[in-house]
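Following: one structure in structure tokens, then a few remarks.
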């Protein structure tokens with residue numbers, strides 16, 4: 001049997017607070033196959049974003065284990081976890097987080113430069129990616145000159161810059177109108193069809209319906225969808 005890309009076992013995350021500890025995740029166990037499309041849903045405050053940050057090696061669990069491609073993320077030095085985030089995981093957020101002083105093309109080049117990609121190669125990759133998201137003609141525009149949908153497409157291109165195995169999207173359509181959100185959803189479909197594992201946190205049932213599996217969280221626990229199809 002093929003080893004899953006992600007294997008999480010008994011993940012717990014507790015935040016100490018003055019009024020008492022907050023248990024954001026409680027005993028979350030799941031596996032995610034390479035190439036899968038998973039949606040994570042649940043009410044606000046149920047632990048969706050916390051889980052996404054742990055799966056993306058941005059945060060660490062209070063207890064439990066996370067394997068990424070067979071490697072125990074918690075056992076890795078900080079530098080190796082940073083390298084996994086840079087080269088193997090792409091992140092897309094609700095508010096885009098593009099650097100305002102850079103053009104669309106320059107924003108897409110940033111993670112490639114951090115990975116040490118030669119200038120000529122990263123320029124070629126950037127042109128390829130902006131064409132992929134339908135924005136080759138907007139390469140020289142800064143974020144303030146882009147619509148919300150265009151900015152999110154640039155953010156997706158940036159997330160794909162280093163050919164990650166996993167794309168994590170946290171409410172990627174949350175600040176977009178319905179028609180523009182549908183364009184972003186279709187782009188995420190394409191990314192997954194082209195071989196990238198996609199995990200999306202969303203309140204939008206129409207976006208979640210596009211995933212092969214939906215994980216429902218409530219009070220930090222998996223309510224349904226934890227088993228693979």
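Just so it is clear, none of the values below were taken in a lab; they were calculated from the coordinates. Since the model is a prediction, treat every value here as computed from it, not as a measurement. Cβ atoms come from the backbone with ideal geometry, glycine included; neighbour counts cover every protein chain shown.
Tabulated results
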{"read-out": "Prolate/oblate/rounded call for the range 76-132, Cα gyration tensor, a/c under 1.5 rounded", "value": "oblate"}
{"read-out": "Rounded, prolate or oblate (a/c below 1.5 giving rounded, otherwise prolate when a/b exceeds b/c) for the range 155-229 by Cα gyration tensor", "value": "oblate"}
{"read-out": "Pairwise Cα inverse-distance average, inverted: Kirkwood Rh of the range 112-177 (Å)", "value": "12.7 Å"}
{"read-out": "Helix-only [θ]222 nm of the chain, DSSP H runs n ≥ 4, -39500 (n - 2.57) each, per residue, nearest 500", "value": "-10000 deg cm²/dmol"}
{"read-out": "Ranked list, fewest to most other Cβ atoms within 10 Å of each Cβ, for 76, 30", "value": "76, 30"}
{"read-out": "Fluctuation leader among 154, 22, 110 - the chain, Gaussian network, Cα springs under 10 angstrom", "value": "22"}
{"read-out": "Share antiparallel - DSSP beta bridges, the range 6-223, percent rounded to 5", "value": "50 percent"}
{"read-out": "Of 109, 80, 128, the one that fluctuates the most in a GNM where the chain has Cα springs shorter than 10 Å", "value": "80"}
{"read-out": "The range 78-191: C-alpha gyration tensor shape, a/c 1.5 cut-off, then a/b vs b/c", "value": "oblate"}
{"read-out": "Top of 105, 208, 75 by mean-square fluctuation, Gaussian network on the chain, Cα under 10 Å", "value": "75"}
{"read-out": "Residues listed by number, the range 1-37, amide nitrogen under 19 Å from residue 76 label point at 7 Å toward C-beta", "value": "3-12, 30-36"}
